[in-house]
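One structure below.
Every number here is computed from the coordinates shown, using simple stated rules; none is lab data. All figures in this text were calculated on a predicted structure; none of them were measured in a lab. Using ideal geometry, Cβ is built from the backbone for each residue, glycine included, and neighbour counts are taken over all protein chains shown.
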Amino acid sequence: MIHVLATVQLHEGKRELFLDALRANLAAVRAEVGCVLYVPCEDIATEIPRAAAARPNVVTIVERWSDLEALEAHLRAPHMITYREKVKDCIASAQLQILHEV
C-alpha cells in the first residue's frame, strides 16, 4: 500500500478556482485502478499541543494507492494532465510525500 500526502500551496485569491477544478476531477481519480483513497483536506486550527498552525492557502490531498505502479499511472492519466493545466496558475508550490507502511 502506498500513501501520499500532496501539499499544495496556493496563490492568494486562487483557492476557490483550484478547489472547483479539483472537485470536478475527483470522480475520475477515484475510478482509477488502484485508487483506494483520494481526499482533499484543509488545515484546521486547534488547541492540540504540537499541532501545526492552520495554513489558509494550503490544500493537502490525502491519497492511498494499491501500489507504486498505480500511483505512477495516476500521474500520467489524461484527466490529470488536463487538471494540472487548469490549476497551474493557482499553484505557488506543490510537494508530494510518498510513503509506505513499515
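Restricting attention to the range 1-16, and to residues there that are touching a residue at least 40 places away in the same chain (Cβ under 8 Å) and either of a type in the set (D, E, K, R) or out of contact with any strand residue (DSSP E or B) (no Cβ under 9 Å at 6 or more places or on another chain) (or both), which single residue is nearest to Lys88 (Cα to Cα)?
Looking at the filtered set, the residue picked out is Lys14.
What is the residue count in the range 73-95 for residues that are without any contact (Cβ under 8 Å) to a residue 12 or more places away in the chain and either small (Gly, Ala, Ser) or not in a helix (DSSP H, G or I) (or both)?
1
I'd like the full set of residues that are closer than 11 Å to Gln9 by Cα and part of a loop (DSSP other than H, G, I, E, B), limited to the range 43-66.
Arg55, Pro56, Asn57
Applying the selection to the range 11-42, what residues are surrounded by fewer than 16 Cβ atoms within 10 Å (Cβ to Cβ), assigned to a loop (DSSP other than H, G, I, E, B) and over 13 Å from the mean Cα position of the chain (by Cα)?
His11, Glu12, Gly13, Lys14, Ala31, Val33
Only residues that are aliphatic (A, V, I, L, M), over 16 Å from Thr7 (Cα atoms) and surrounded by 11 or more Cβ atoms within 10 Å (Cβ to Cβ): list them for the range 46-69, please.
Correct list: Ala51, Leu68.
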